[in-house]
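The values are calculated or read from the model by the stated rules, or taken from the named source; none is laboratory data. These numbers come from a predicted model, not from an experiment. Neighbour counts run over all protein chains shown; Cβ positions are idealised from the backbone, glycine included. Note: areas computed on protein heavy atoms with side chains; ligands, DNA, RNA excluded. Shrake-Rupley method; radii C 1.70, N 1.55, O 1.52, S 1.80 Å.
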Amino acid sequence: MNNQSIAEMLRQALMNQRAVPQISKTETQFSLKDAREVQDLSCILAQEAGENLAGYKMGLTSKAKQRDVNVYEPIRGYILKSFEIPKGGTVKMGARIHPRVEPEVAVVLNRELKGPGVTLRDVVSALEGIYPALEIVDSRYENFVFKLEDVIADNTSAAGFMVGRVNLLSELNDLNLMGICVRKNGAIVETGAPSAVLGDPLLSVVSLANSLAEEAKSILPGMVILTGGITQSVPFKRNDRIEVEWPQEVLSFTAE
Ligand code: 0L1
Ligand code: MG
C-alpha cells in the first residue's frame, strides 16, 4: 500500500470506528518518515473534508504513558476542532473503538512560536493560558497494540479532548506539583502531578515547537496544545462516569 492509501484507510477507521491491523505488520519497510507523511496526509484529508485544525498534541511525554503502550519516545499529532468535547458534554461510545481517557495540561499561546531554537523562556513569555484538560485516545489498531511508526501514522491515537475554563497562569509556580486524580464511577483510579510530563509540561510545548519546525510549521496563537498524559490512560465503556479532578476544577463526562 502506498502512504496515501494508508492515510485513507486510517481516516476511514476513525470515521467508521473499525479497527485495522497494524501497518508495520504488513508493510515491513514502513519507516518513521513514511509514518510522518501518513499523518500529514490524513490531516490534509480531514481538512479537505471540511475539518478545521484546533492545534497539536504531544503524546508519550510521561513514563506512565510510555509504559502503558510500550513505546518509549515522545510523539506529536494534530487535533481537530471536531474532536473537542464541550465541558459538561457527553462522550458517544458509538463513535469510538476502544477509548481511554488521560488527564492533561492544555496550553494556549498569544503569539506564534516558530522553531528551531525555541526555549522554555520563549514559551513562558508567549503564554496566554494554561488549563486543566483531558484527552481521549482511541487507537485505530486492533487491540490497541502498535509500534512507534504505527502510532505516528495513526495521529498518535488522537480522538477527543476537553479543556477546562480555569486559567492556571497565575499559579504557574505551583503548576508542576498540583495533585490531580482520575475517578471512574466515583473510585480513584489514577493520581499524578503535571511534573510527570517531561518534568514540566511547558517543556512539551518547547519540544513541539522545535519538532514542527522540521516541517516548516509553527504553533499559532489561539491553538490548543495538549502537552501529554500525566498518568496511565484509563479505559472506559458505556455508562462509565469519568472525572478528572484538579484542585481548581473538575472535568467530567459520562460515556453514552
Ligand atoms: O496522547 C498520548 O500520549 C497518546 C499517544 C499514543 C499512545 C496511546 O494511544 O495511548
Ligand atoms: Mg494524550
- [ ] With a point put 7 Å past each Cα toward its Cβ, work out how far Glu249 is from Met15 in nm, to one decimal.
- [x] 3.3 nm
- [ ] With a 1.4 Å probe and all protein chains in place, put Ser5, Ser139, Ser24 in order of accessible area, largest first.
- [x] Ser5, Ser24, Ser139
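If you put +1 on each Lys and Arg Cβ and -1 on each Asp and Glu Cβ, how big is the dipole of the chain around its Cα centre, in Debye rounded to 20?
Details: 27 positive and 32 negative charges, 88 e Å.
In total the dipole reaches around 420 debye.
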Task: FRET E, pair Gln4, Val124, Förster distance 45 Å, beta-carbon r, rounded to 0.05 - done: 0.65
Task: J(HN,Hα) series, region 207-223, from Karplus relation 6.51 cos²θ - 1.76 cosθ + 1.60, nearest Hz, glycine and proline x - done: 4, 4, 4, 6, 6, 4, 4, 4, 10, 6, 10, 9, 8, 9, x, x, 5
Task: Residue order for Lys92, Lys184 - accessible surface, 1.4 angstrom probe, largest first - done: Lys92, Lys184
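Please pull out the direction-averaged projected area of region 120-228, using the convex hull of its alpha-carbon atoms, in nm² to one decimal place.
The orientation-averaged projected area of the Cα hull of region 120-228 comes to 8.5 nm².
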TODO: Could you work out which residue, out of Val101, Val234, Val137, moves most in a Gaussian network model of the chain, that is, has the largest mean-square fluctuation with Cα springs under 10 Å?
DONE: Val234
TODO: Have a look at Thr61, Val163, Ile85 and report the one farthest towards the positive end of the charge dipole of the chain, computed about the Cα centre with Cβ charges (Lys/Arg +1, Asp/Glu -1).
DONE: Ile85
Task: Alpha-carbon Rg with Dmax, taken over region 208-252, Å - done: 15.8, 43
Open item on the list: Suppose the chain between Gln29 and Ala49 were pulled fully straight at 0.36 nm per residue; how much longer would it get relative to their current alpha carbon spacing?
Closed with: 4.2 nm
TODO: Quick one: what are the phi-derived ³J(HN,Hα) couplings along region 131-143, Karplus 6.51/-1.76/1.60 with θ = phi - 60°, whole Hz, x for glycine and proline?
DONE: 10, x, 8, 9, 10, 9, 9, 8, 4, 7, 9, 4, 6
- [ ] Please state, as a whole number in µm²/s, the translational diffusion coefficient that the Stokes-Einstein equation yields for the chain at 25 °C and 0.890 mPa s, with Rh defined as the Kirkwood radius across alpha carbon pairs.
- [x] 135 µm²/s
- [ ] Just the number, please: carbon plus sulfur as a percent of the accessible area of region 172-256, 1.4 Å probe, no ligands or DNA/RNA counted.
- [x] 51 percent
- [ ] Could you pull out every residue, at least 5 positions away or on a different chain, whose amide H is within less than 5 Å of the one on Tyr141? Hs are placed 1.01 Å off N in the peptide plane, and Pro or chain starts have none.
- [x] Val20
TODO: Would you give the gap between the C-alpha center of region 5-74 and the C-alpha center of region 195-234, rounded to a whole Å?
DONE: 17 Å
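Could you report the chain's accessible area per residue, 1.4 Å probe, as an integer in Å²?
Per residue, the chain has an accessible area of 43 Å².
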- [ ] Any lysines with Cα under 18 Å of the Lys147 Cα? List them, leaving off those in the same chain fewer than 8 positions away.
- [x] Lys25, Lys33, Lys63, Lys65
